[in-house]
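For reference, the structure discussed in these notes is given below.
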Amino acid sequence: MLASIIASGLAAGAIYALVGITYNTMFSTSRVMSFTAGQLAMLGGVLGSMFTLRLGLPTLAGFGLTLFSCAIIGVITEFVAVRPVLKSLDQHLYVLSTLAIALMIQQVAAIEWGTEPRPFPRLIGLGSGVWDEKFWLPVGACAITIAGLEYLYRRTLVGRAFIAIAEDNFAARALGLPERSLRVASYALAGIIGAMAGYSGGELMLAFFANGALLNFYGFVPVALGGLGNNRGAIIGGVSLGLYQQAANFLVGGIFSSVAVFTLFIVVLLAAPQGLFGSASARRV
(Lines give C-alpha, C1' and ligand atoms only; values in the text may rest on other atoms or scores of the structure.)
Protein backbone atom coordinates (compact mmCIF):
# COMPACT_ATOMS: atom_id res chain seq x y z
CA MET A 1 0.00 0.00 0.00
CA LEU A 2 2.82 2.41 0.84
CA ALA A 3 4.47 1.78 -2.51
CA SER A 4 1.18 2.48 -4.29
CA ILE A 5 0.73 5.75 -2.39
CA ILE A 6 4.27 6.86 -3.25
CA ALA A 7 3.98 5.87 -6.93
CA SER A 8 0.63 7.57 -7.48
CA GLY A 9 1.66 10.55 -5.35
CA LEU A 10 4.85 11.14 -7.34
CA ALA A 11 2.97 10.81 -10.64
CA ALA A 12 0.20 13.21 -9.61
CA GLY A 13 2.75 15.57 -8.07
CA ALA A 14 4.76 15.65 -11.30
CA ILE A 15 1.61 16.59 -13.24
CA TYR A 16 0.79 19.35 -10.74
CA ALA A 17 4.38 20.59 -10.90
CA LEU A 18 4.25 20.81 -14.71
CA VAL A 19 1.03 22.81 -14.56
CA GLY A 20 2.67 25.07 -11.97
CA ILE A 21 5.62 25.60 -14.31
CA THR A 22 3.10 26.45 -17.04
CA TYR A 23 1.72 29.19 -14.78
CA ASN A 24 5.25 30.46 -14.07
CA THR A 25 6.30 30.46 -17.72
CA MET A 26 3.37 32.67 -18.71
CA PHE A 27 3.77 34.90 -15.66
CA SER A 28 7.50 35.45 -16.12
CA THR A 29 7.23 37.60 -19.26
CA SER A 30 3.81 39.19 -18.76
CA ARG A 31 3.24 39.40 -14.98
CA VAL A 32 -0.16 37.86 -15.71
CA MET A 33 -1.53 34.78 -13.96
CA SER A 34 -3.22 33.06 -16.88
CA PHE A 35 -5.89 30.65 -15.69
CA THR A 36 -5.62 28.65 -18.89
CA ALA A 37 -2.75 26.52 -17.53
CA GLY A 38 -5.02 23.70 -16.40
CA GLN A 39 -6.95 23.81 -19.67
CA LEU A 40 -3.74 23.40 -21.64
CA ALA A 41 -2.96 20.29 -19.59
CA MET A 42 -6.48 19.00 -20.14
CA LEU A 43 -6.06 19.49 -23.89
CA GLY A 44 -2.81 17.55 -23.74
CA GLY A 45 -4.82 14.49 -22.71
CA VAL A 46 -7.86 15.11 -24.92
CA LEU A 47 -5.94 15.94 -28.09
CA GLY A 48 -3.45 13.15 -27.47
CA SER A 49 -6.26 10.62 -27.25
CA MET A 50 -8.04 12.10 -30.25
CA PHE A 51 -4.99 12.07 -32.53
CA THR A 52 -3.84 8.61 -31.49
CA LEU A 53 -7.05 6.65 -30.87
CA ARG A 54 -9.73 8.42 -32.90
CA LEU A 55 -7.62 9.42 -35.90
CA GLY A 56 -5.23 6.47 -35.68
CA LEU A 57 -2.00 8.45 -36.00
CA PRO A 58 1.31 7.00 -34.81
CA THR A 59 2.25 7.86 -31.24
CA LEU A 60 5.07 10.24 -32.17
CA ALA A 61 2.91 12.06 -34.73
CA GLY A 62 0.06 12.38 -32.22
CA PHE A 63 2.49 13.65 -29.59
CA GLY A 64 3.96 16.25 -31.92
CA LEU A 65 0.55 17.47 -33.07
CA THR A 66 -0.61 17.73 -29.46
CA LEU A 67 2.35 19.89 -28.51
CA PHE A 68 1.92 22.06 -31.61
CA SER A 69 -1.83 22.53 -31.03
CA CYS A 70 -1.36 23.55 -27.39
CA ALA A 71 1.45 25.94 -28.37
CA ILE A 72 -0.95 27.62 -30.84
CA ILE A 73 -3.60 27.90 -28.13
CA GLY A 74 -1.00 29.47 -25.84
CA VAL A 75 -0.21 32.08 -28.49
CA ILE A 76 -3.93 32.76 -29.04
CA THR A 77 -4.29 33.30 -25.29
CA GLU A 78 -1.56 35.93 -25.38
CA PHE A 79 -3.15 37.74 -28.33
CA VAL A 80 -6.77 37.58 -27.14
CA ALA A 81 -6.70 37.59 -23.34
CA VAL A 82 -3.34 39.06 -22.27
CA ARG A 83 -2.16 41.68 -24.75
CA PRO A 84 -5.34 43.83 -24.59
CA VAL A 85 -5.20 43.74 -20.78
CA LEU A 86 -1.56 44.87 -20.65
CA LYS A 87 -2.60 48.00 -22.58
CA SER A 88 -5.32 48.73 -20.04
CA LEU A 89 -4.88 50.88 -16.97
CA ASP A 90 -6.59 48.21 -14.89
CA GLN A 91 -4.34 45.25 -15.58
CA HIS A 92 -6.12 43.07 -13.03
CA LEU A 93 -8.71 42.46 -15.74
CA TYR A 94 -6.56 39.48 -16.74
CA VAL A 95 -8.47 37.48 -14.11
CA LEU A 96 -11.65 37.85 -16.17
CA SER A 97 -10.06 37.62 -19.62
CA THR A 98 -8.04 34.46 -18.97
CA LEU A 99 -10.91 32.84 -17.07
CA ALA A 100 -13.17 33.56 -20.03
CA ILE A 101 -10.70 31.88 -22.41
CA ALA A 102 -10.38 28.93 -20.02
CA LEU A 103 -14.17 28.47 -19.87
CA MET A 104 -14.42 28.69 -23.66
CA ILE A 105 -11.74 26.01 -24.06
CA GLN A 106 -13.50 23.76 -21.56
CA GLN A 107 -16.91 24.15 -23.19
CA VAL A 108 -15.58 23.55 -26.70
CA ALA A 109 -13.80 20.43 -25.46
CA ALA A 110 -17.02 19.21 -23.82
CA ILE A 111 -19.05 19.79 -26.99
CA GLU A 112 -16.56 18.29 -29.42
CA TRP A 113 -15.12 15.53 -27.24
CA GLY A 114 -18.02 14.66 -24.96
CA THR A 115 -18.59 14.88 -21.23
CA GLU A 116 -17.51 11.36 -20.33
CA PRO A 117 -13.91 10.32 -19.58
CA ARG A 118 -12.32 8.62 -22.58
CA PRO A 119 -9.42 6.14 -22.55
CA PHE A 120 -5.90 7.27 -23.26
CA PRO A 121 -3.61 4.96 -25.28
CA ARG A 122 -0.71 3.13 -23.72
CA LEU A 123 2.30 4.92 -25.09
CA ILE A 124 5.18 2.51 -24.50
CA GLY A 125 3.67 -0.59 -22.89
CA LEU A 126 6.31 -1.02 -20.20
CA GLY A 127 5.92 -1.87 -16.54
CA SER A 128 3.20 -3.15 -14.28
CA GLY A 129 2.00 -2.52 -10.76
CA VAL A 130 3.70 0.43 -9.10
CA TRP A 131 6.24 0.45 -11.96
CA ASP A 132 3.56 0.89 -14.60
CA GLU A 133 4.28 3.57 -17.18
CA LYS A 134 1.28 5.63 -16.05
CA PHE A 135 3.22 6.34 -12.84
CA TRP A 136 6.71 6.97 -14.17
CA LEU A 137 5.86 8.77 -17.44
CA PRO A 138 4.73 12.00 -15.68
CA VAL A 139 7.84 11.91 -13.49
CA GLY A 140 10.04 11.41 -16.56
CA ALA A 141 8.25 14.19 -18.44
CA CYS A 142 8.74 16.54 -15.49
CA ALA A 143 12.46 15.72 -15.27
CA ILE A 144 12.95 16.23 -19.03
CA THR A 145 11.05 19.53 -18.92
CA ILE A 146 13.13 20.86 -16.04
CA ALA A 147 16.38 19.81 -17.71
CA GLY A 148 15.27 21.47 -20.96
CA LEU A 149 14.30 24.70 -19.21
CA GLU A 150 17.58 24.81 -17.29
CA TYR A 151 19.48 24.45 -20.55
CA LEU A 152 17.30 27.08 -22.25
CA TYR A 153 17.67 29.66 -19.48
CA ARG A 154 21.38 29.11 -18.78
CA ARG A 155 22.91 28.26 -22.16
CA THR A 156 20.93 30.10 -24.85
CA LEU A 157 20.50 33.76 -25.73
CA VAL A 158 16.72 33.38 -25.96
CA GLY A 159 16.61 31.92 -22.46
CA ARG A 160 18.71 34.75 -21.08
CA ALA A 161 16.39 37.21 -22.79
CA PHE A 162 13.46 35.48 -21.04
CA ILE A 163 15.23 35.95 -17.71
CA ALA A 164 15.94 39.62 -18.47
CA ILE A 165 12.28 40.27 -19.30
CA ALA A 166 11.20 38.44 -16.14
CA GLU A 167 13.54 40.44 -13.88
CA ASP A 168 12.88 43.91 -15.30
CA ASN A 169 10.86 44.27 -18.47
CA PHE A 170 11.35 48.06 -18.61
CA ALA A 171 15.15 47.76 -18.52
CA ALA A 172 15.05 44.88 -21.01
CA ARG A 173 12.92 46.95 -23.36
CA ALA A 174 15.36 49.86 -23.02
CA LEU A 175 18.16 47.52 -24.06
CA GLY A 176 16.28 46.71 -27.24
CA LEU A 177 14.96 43.27 -26.41
CA PRO A 178 11.76 42.41 -28.34
CA GLU A 179 9.48 42.14 -25.33
CA ARG A 180 6.32 41.40 -27.31
CA SER A 181 7.90 38.62 -29.38
CA LEU A 182 9.46 37.07 -26.27
CA ARG A 183 6.10 37.16 -24.51
CA VAL A 184 4.45 35.36 -27.43
CA ALA A 185 7.25 32.77 -27.42
CA SER A 186 6.86 32.22 -23.68
CA TYR A 187 3.13 31.54 -24.10
CA ALA A 188 3.89 29.05 -26.87
CA LEU A 189 6.44 27.40 -24.56
CA ALA A 190 3.86 27.34 -21.76
CA GLY A 191 1.42 25.62 -24.11
CA ILE A 192 4.01 22.92 -24.82
CA ILE A 193 4.72 22.40 -21.11
CA GLY A 194 1.00 22.20 -20.33
CA ALA A 195 0.57 19.67 -23.13
CA MET A 196 3.43 17.62 -21.66
CA ALA A 197 1.58 17.52 -18.34
CA GLY A 198 -1.67 16.30 -19.88
CA TYR A 199 -0.11 13.92 -22.38
CA SER A 200 2.24 12.22 -19.93
CA GLY A 201 -0.55 11.97 -17.34
CA GLY A 202 -3.22 10.83 -19.80
CA GLU A 203 -3.10 7.18 -18.72
CA LEU A 204 -3.48 8.23 -15.08
CA MET A 205 -6.17 10.91 -15.45
CA LEU A 206 -7.79 9.78 -18.74
CA ALA A 207 -8.92 12.19 -21.47
CA PHE A 208 -11.62 14.20 -19.68
CA PHE A 209 -12.76 17.78 -20.27
CA ALA A 210 -13.32 18.39 -16.53
CA ASN A 211 -9.63 17.83 -15.80
CA GLY A 212 -9.03 21.44 -16.82
CA ALA A 213 -10.73 23.03 -13.83
CA LEU A 214 -9.21 20.44 -11.49
CA LEU A 215 -5.69 21.02 -12.75
CA ASN A 216 -6.16 24.79 -12.68
CA PHE A 217 -6.48 24.58 -8.89
CA TYR A 218 -4.10 21.72 -8.15
CA GLY A 219 -1.54 23.29 -10.47
CA PHE A 220 -1.86 26.66 -8.76
CA VAL A 221 -1.23 25.22 -5.29
CA PRO A 222 2.45 24.36 -6.05
CA VAL A 223 2.93 27.89 -7.39
CA ALA A 224 1.51 29.37 -4.18
CA LEU A 225 3.48 26.95 -2.00
CA GLY A 226 6.76 27.28 -3.88
CA GLY A 227 6.63 30.97 -4.66
CA LEU A 228 5.35 32.64 -7.80
CA GLY A 229 7.88 32.39 -10.62
CA ASN A 230 10.04 29.82 -8.81
CA ASN A 231 10.11 26.64 -10.91
CA ARG A 232 12.14 24.68 -8.38
CA GLY A 233 9.68 25.65 -5.70
CA ALA A 234 6.84 24.51 -7.99
CA ILE A 235 8.48 21.09 -8.34
CA ILE A 236 8.91 20.66 -4.60
CA GLY A 237 5.41 21.99 -3.96
CA GLY A 238 3.85 19.80 -6.65
CA VAL A 239 5.51 16.57 -5.51
CA SER A 240 4.70 17.35 -1.86
CA LEU A 241 1.10 18.07 -2.79
CA GLY A 242 0.80 14.82 -4.77
CA LEU A 243 2.16 12.71 -1.93
CA TYR A 244 0.04 14.53 0.65
CA GLN A 245 -3.11 14.18 -1.46
CA GLN A 246 -2.63 10.45 -2.04
CA ALA A 247 -1.90 9.86 1.65
CA ALA A 248 -5.05 11.80 2.53
CA ASN A 249 -7.03 9.72 0.02
CA PHE A 250 -5.84 6.57 1.77
CA LEU A 251 -6.39 7.85 5.33
CA VAL A 252 -9.68 9.77 5.04
CA GLY A 253 -10.82 9.25 1.43
CA GLY A 254 -13.48 10.97 -0.64
CA ILE A 255 -14.15 14.66 -0.31
CA PHE A 256 -12.20 14.86 2.94
CA SER A 257 -8.94 14.54 1.03
CA SER A 258 -9.82 17.73 -0.88
CA VAL A 259 -10.60 19.41 2.44
CA ALA A 260 -7.15 18.35 3.65
CA VAL A 261 -5.53 19.92 0.59
CA PHE A 262 -7.45 23.18 1.07
CA THR A 263 -6.47 23.23 4.75
CA LEU A 264 -2.80 22.77 3.94
CA PHE A 265 -3.02 25.47 1.27
CA ILE A 266 -4.56 28.01 3.65
CA VAL A 267 -2.17 27.23 6.52
CA VAL A 268 0.92 27.64 4.33
CA LEU A 269 -0.33 30.90 2.83
CA LEU A 270 -1.09 32.28 6.29
CA ALA A 271 2.39 31.34 7.47
CA ALA A 272 4.25 32.42 4.31
CA PRO A 273 2.16 34.55 1.92
CA GLN A 274 5.07 34.74 -0.54
CA GLY A 275 5.37 30.94 -0.63
CA LEU A 276 7.83 28.65 1.11
CA PHE A 277 10.60 29.32 -1.41
CA GLY A 278 9.59 32.78 -2.60
CA SER A 279 10.97 36.09 -1.47
CA ALA A 280 8.83 38.98 -0.38
CA SER A 281 8.69 41.55 -3.15
CA ALA A 282 9.75 45.10 -2.39
CA ARG A 283 7.28 47.84 -3.16
CA ARG A 284 8.61 50.59 -5.38
CA VAL A 285 7.75 54.08 -4.06
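The values are calculated or read from the model by the stated rules, or taken from the named source; none is laboratory data. Computed from a predicted model, the values in this text were never measured in an experiment. Ideal geometry is used to build each Cβ from the backbone, glycine not excepted, and the neighbour counts take in all protein chains shown.
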Q | helices (runs of 4 or more DSSP H) wholly inside the range 200-262 that include at least 3 residues being over 29 Å from M50 (Cβ atoms) | A | 211-226, 231-251
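Yes or no, residue by residue, for (1) among the basic types (K, R); (2) assigned to a helix (DSSP H, G or I); (3) crowded, with 22+ Cβ neighbours inside 10 Å:
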residue: I21; (1), (2), (3): no, yes, yes
residue: M26; (1), (2), (3): no, yes, yes
residue: M33; (1), (2), (3): no, no, no
residue: G45; (1), (2), (3): no, yes, yes
residue: G48; (1), (2), (3): no, yes, yes
residue: L53; (1), (2), (3): no, yes, no
Q: Please name all residue pairs, on different chains or six or more residues apart, with Cβ atoms under 8 Å, provided the first residue is in the range 255-274 and is farther than 12 Å from V221 by Cα and the second residue is buried (at least 17 other Cβ atoms within 10 Å of the Cβ) and modelled with pLDDT under 80.
A: A272/G278; Q274/G227
Q) Restricting attention to the range 265-279, which residues are in a loop (DSSP other than H, G, I, E, B) and at pLDDT 75 or above? A) none
Q. Quick check: anything in the range 79-95 among the aliphatic types (A, V, I, L, M) and under 15 Å from N216 (Cβ atoms)?
A. yes
Q: Find the residue count for the range 166-183, including only residues that are at pLDDT 90 or above and buried (at least 20 other Cβ atoms within 10 Å of the Cβ).
A: 2
Q: Might you let me know whether the range 18-31 holds any residue that is more than 28 Å from F162 (Cβ to Cβ), modelled with pLDDT of 95 or more and not aromatic (F, W, Y)?
A: no
